[in-house]
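Structure first, commentary second.
Laboratory data are not the source of any read-out in this text; all were calculated from the coordinates shown. None of the values given here were measured: they were computed from a predicted structure. Glycine gets a Cβ as well: all are built from the backbone with ideal geometry, and neighbour counts include every protein chain shown.
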Amino acid sequence: MSDSRSPRRLLVTGGAGFIGSNFVHYWCDAYPNDRVVVLDALTYAGNRRNLAALDGQENFRFVAGDICDRSLVDQLLQAENIDTIAHFAAESHVDRSIIEPAAFIQTNLVGTFTLLEAFRQHWDKERPDSYCFLHVSTDEVYGSLNPNDAAFTETTPYAPNSPYSASKAGSDHLVRAYYHTYGLPTLITNCSNNYGPYQFPEKLIPLMCINSLIGKQLPVYGDGQNVRDWLYVGDHCEALDVVIHRGVPGETYNIGGNNEVKNIDLVQMLCQVMDELAPQTLCSKDDSAHEYSPQLPVRPCNKLISFVQDRPGHDRRYAINATKIKTQLGWIPTVTIEKGLHRTVEWYLTHRDWWQPLLSKEYQEYYRQVYVQKGI
Ligand code: NAD
Ligand code: DAU
């Protein structure tokens, strides 16, 4: 997809994280004439290796730095003559926001404010069509649904319930205000739960994949009846592409997978795929050697499922009504949950060299803090 603004010069914040790195790969493949500059602070969730395959490519540059560093952001916008910001950088994990919310306020609110202010100084008001600030947000800003409630639309009132979703809601409001007050050409997307390659093992799907491979319990919060609407990350990248190219400045677009699944059902499906794929899949142990993955330590792997104490304030159900992006911009998701889970399990099975180093001392400490008090 292209438009009159091609080629573009993008600043991708948080491009070393899960969705950001998938997006950077997607964009560099789809638009080799565009310039892509990644700004990422490489927190625990950022991984330089996610982008290693792009190193040396002329149209790609990686900068390690904080979105709250105004002089760095100013300097990058100017030196790289940026016209499009794709803003992914955030603290993104609800459980961490419950333990330690401060970083969420700093990055999600102050960081977004810093980018908006820098872009406001940088853009050329005489050429609004040449600029774009895409703010990548979440469906969690809308709060929690009861089983029979209608899915979230773009006009559903905000009702965030966790420090994470409150900080994202605040950042959405700032972006909205910069459009209304200054005319800054902004776009907001509110997306449902993503899954796929490069997702940090604190999130449900990679955590379950990795725990089953190392024979650890599979902790399901509460009664396991909470519902999420799952979207394969590649579909999300395609949706962001259409929003950047065809979205109307000042508008918000909901993005979802039409895939509402109860947590316990999702974990059971995942275990089935794991049982099916684990014994036959080639696993890369490190860069130089390969070996067949060991049999699953526990089989069938759903024997590892363990119900644990619930997450405080746990939202019961999210569901996205994605009619607006479908009818106005022509996007629909294409990867079914079965296909997406298959691809994802296969990726974790064949990328032990990617996830093994992430199970660091720091990660074990985080795991202990969240899960030991839940009773495992
Ligand atoms: P992630 O935690 O995997 O990655 C976040 C990235 O941001 C990391 O690379 C991290 O190093 C970087 N970062 C954090 N603080 C920074 C700072 N101060 N300066 C610069 N970089 C910083 O997150 P994700 O799951 O890829 O989510 C990306 C965005 O999408 C977030 O804004 C999130 O709210 C939103 N989102 C995520 C989902 C999901 O299911 N994961 C769904 C909807 C929306
Ligand atoms: O809805 C979009 C949001 O999805 C994003 O904005 C967030 O960045 C992203 O982290 C995700 O939030 P969730 O809290 O829904 O995702 P998480 O993977 O943490 O949990 C998914 C569901 O699984 C949720 O109901 C909690 C439950 N869960 C999670 C973990 C980590 C468990 O039952 N056990 C677990 O160990």
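Segment 41-173 gives an Rg/Rh value of 1.01, both radii derived from C-alpha positions and Rh following Kirkwood. Note on segment 182-259: Cα-Cα pairs beyond 17 Å make up 59% of the total pair count. Sites listed here are trypsin sites (Lys or Arg not before Pro) in segment 287-376 whose DSSP assignment is loop and whose Cβ has at most 15 other Cβ atoms within 10 Å: Arg316.
Dividing the Cα radius of gyration of segment 50-117 by its Kirkwood radius returns 1.03 for Rg/Rh. The base-10 log of I(q)/I(0) for the chain, evaluated at q = 0.08 Å⁻¹, reads -0.39 [Debye formula, identical scatterers on Cα atoms, solvent excluded].
Only helical runs count toward this figure. For the chain, summing -39,500 (n - 2.57) over DSSP H runs of n ≥ 4 and dividing by all residues gives -11000 deg cm²/dmol at 222 nm.
Taking a ≥ b ≥ c as the square roots of the eigenvalues of the Cα gyration tensor, segment 112-163 is prolate, since a/c reaches 1.5 or more and a/b is larger than b/c.
Could you pull out the pairs from Lys216/Lys339; Lys203/Lys262; Lys168/Lys216; Lys216/Lys374 whose alpha carbons sit more than 23 Å apart here?
Lys216/Lys339; Lys168/Lys216
Please report, in cubic angstrom per residue, the volume enclosed by the convex hull of the alpha-carbon atoms of segment 34-79.
So the per-residue Cα hull volume is 75 Å³.
When DSSP beta bridges are restricted to pairs lying wholly in the chain, around 15% turn out antiparallel.
Computed over the Cα atoms of segment 314-376, pair by distinct pair, the Kirkwood hydrodynamic radius stands at 15.9 angstrom.
From the largest down, segment 1-116 spans 43, 27, 25 angstrom on the principal axes of its Cα atoms. One quarter of the surface of the convex hull around the alpha-carbon atoms of segment 99-139 equals 3.8 nm², the direction-averaged projected area.
Taking springs between alpha-carbon atoms closer than 10 angstrom, which of Thr43, Thr181, Thr107 fluctuates most in the Gaussian network model of the chain? Looking only at Thr43, Thr181, Thr107, the largest GNM fluctuation is found for Thr181. Shown for Val345, Val273: other C-beta atoms within 10 Å of each C-beta, ranked fewest to most, produce the order Val273, Val345. Over segment 131-212, all Cα pairs binned in 5 Å intervals from 0 give whole-percent P(r) values of 3, 13, 18, 19, 17, 15, 8, 4, 1, 1, 0, listed from short to long.
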